[in-house]
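One structure is given here, and the rest of the page talks about it.
The values are calculated or read from the model by the stated rules, or taken from the named source; none is laboratory data. Predicted model only: the values in this text are computed from it and were never measured. Heads up, the Cβs are rebuilt from the backbone with ideal geometry, glycines too, and the neighbour counts pull from every protein chain shown.
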Amino acid sequence: MEIGRLSDSYSLLAKENGHWTNATQTSAVRPLSLTASRAVGGDTLAEQARLSMNFDFALLTGEDYRIVGKAAARLDSAEKIVISAAAYALCHLDNPPELTLELMNLLYEEALHLEAIGRLLGIDHATRPWIPEDRQGNWDLVRGCRSPLDSMVIEHCLYEGRGTIASAAGAWQLERAGVSPAAVAVMDAIALQEANHNVSGYRWLRLLDRGRPEDDAALARVVRRFLEVEPVPAPDGSDASRKKHFPFFLIQVYRDTGDFPLLKEHIVAASRNARRTGDAGVDPDELYRRSAEALAWCEAV
Ligand SMILES: [Fe+2]
Ligand SMILES: [Fe+2]
């Protein structure tokens, strides 16, 4: 419990210092009927910060259940794998203390997402495989991580780069489909935190990368490993193609500039755009050019 509170305090401090996105700016739909969490003993700053997931929603029915069930069909397994990735990193990698605290916070937030999806869709997690067959490649990538840099790049720069767009676009789709505001608000809360996790990935990449040739080689190696499991489609301008090239666009922005505030700006803008339109809103020429450079670089190193 004390370690949990310590990790909360650290994460809040980081958020207050501007490392994270701003909840009120990113969330287009405000959570419903926010209630103070004192009833469950929640009077700390950290628990107040988590009010974004602490609102009233319940099992969906009828058309809402069908639409959300279809849109979120693979979401519970995505949450499970990232919970497992955080647990793996905590147990097996030599993390700086601050990263240990942050991983605990990430794990907790992903568990909140899983809990929320389970409540909306009435999923009994015990009856489903924790890591289904179609996530096995992702799990192998996690278990192949040898360093905190590997882990943060795989999960938080690359997978969460896709998750940032997918979750914000998911909220946009649900709203357009006219599902209940509670379900949209859950997706909004998830999308907000996924964008924060993506920002966190780049913050840690910036801290762990010392700019040495061996760091560049390590980054190239981990991006190559990711591509073996998650190949990118042709740059054909389709929604799926743009979404899957976006993480490599970010990697190239990192390589070109090393500018964490700029990366954060790109991630926040992409999340907001996807919430408004379903797309990250990056100019396609720029998106594909930078992505192609990242793909060529990692193969050449
Ligand atoms: Fe999540
Ligand atoms: Fe996440």
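Evaluate the following for THR24: is it in a helix (DSSP H, G or I), loosely packed, with under 15 Cβ neighbours inside 10 Å and at pLDDT below 90? Yes, satisfied.
For ARG221, the conditions (1) more than 23 Å from SER291 (Cβ to Cβ); (2) surrounded by fewer than 18 Cβ atoms within 10 Å (Cβ to Cβ) all hold with the exception of (1).
A count restricted to the stretch 171-186 and to residues that are buried (at least 24 other Cβ atoms within 10 Å of the Cβ) and either at pLDDT 95 or above or within 13 Å of ligand 2 (Cβ to nearest atom) (or both) stands at 2.
Taking interchain pairs and intrachain pairs at least six residues apart, which have beta carbon atoms under 8 angstrom, with the first residue in the stretch 168-183 and within 16 Å of GLY278 (Cα to Cα) and the second of a type in the set (Ser, Thr, Tyr) and at pLDDT 95 or above? Listed pairs, sorted by first residue: ALA168/SER271; TRP172/THR277.
The condition (being assigned to a helix (DSSP H, G or I), touching a residue at least 12 places away in the same chain (Cβ under 8 Å) and more than 17 Å from the chain's Cα centre (by Cα)) is satisfied by just one residue among ARG135, ARG119: ARG119. From the list LEU295, LEU207, LEU250, the lone residue that is touching a His at 6+ places or on another chain (Cβ under 8 Å) and not charged (D, E, K, R) is LEU250.
Residue count for the stretch 192-216 under the criterion of being at pLDDT below 95 and either of a type in the set (A, V, I, L, M, F, W, C) or touching a Lys or Arg at 6+ places or on another chain (Cβ under 6 Å) (or both): the result is 1. Out of the stretch 186-213, which residues are under 16 Å from GLU98 (Cβ atoms) and more than 11 Å from ligand 1 (Cβ to nearest atom)? Those that are under 16 Å from GLU98 (Cβ atoms) and more than 11 Å from ligand 1 (Cβ to nearest atom): VAL199, SER200, GLY201, TYR202, ARG203, TRP204, LEU205, ARG206, LEU207, LEU208, ASP209.
Taking the stretch 45-74 as the search range and keeping residues that are part of a loop (DSSP other than H, G, I, E, B) and surrounded by 15 or more Cβ atoms within 10 Å (Cβ to Cβ), which one is modelled with the highest pLDDT?
Among those residues, the one meeting the criterion is LEU60.
Applying the criterion of at least 2 residues that are in contact with a strand residue (DSSP E or B) (Cβ under 6 Å, 6 or more places away or on another chain) and on the phi > 0 side of the Ramachandran plot to the helices (runs of 4 or more DSSP H) found wholly in the stretch 178-260 leaves an empty list.
Conditions (1) within 16 Å of ligand 2 (Cβ to nearest atom); (2) more than 24 Å from GLU228 (Cα to Cα); (3) surrounded by fewer than 24 Cβ atoms within 10 Å (Cβ to Cβ), marked per residue:
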site: LEU112; (1), (2), (3): yes, yes, yes
site: ALA126; (1), (2), (3): no, yes, yes
site: GLU133; (1), (2), (3): no, no, yes
site: LEU149; (1), (2), (3): no, no, yes
site: CYS157; (1), (2), (3): yes, no, no
site: ALA189; (1), (2), (3): yes, yes, no
site: ASN198; (1), (2), (3): yes, no, no
site: ARG203; (1), (2), (3): yes, yes, yes
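Remark: GLY281 falls outside the filter, which requires a residue to be modelled with pLDDT under 95 and either crowded, with 18+ Cβ neighbours inside 10 Å or in a loop (DSSP other than H, G, I, E, B) (or both).
Candidates in the stretch 217-253 are the residues that are among the acidic types (Asp, Glu) and more than 15 Å from ASP285 (Cβ to Cβ); of these, the one that is modelled with the lowest pLDDT is ASP239. Whenever a residue of the stretch 191-215 is farther than 15 Å from LEU250 by Cβ, its partners that are charged (D, E, K, R) and within 16 Å of ligand 1 (Cβ to nearest atom), lying with C-beta atoms within less than 6 angstrom and at least six residues away or across chains, give the pairs GLN193/GLU109.
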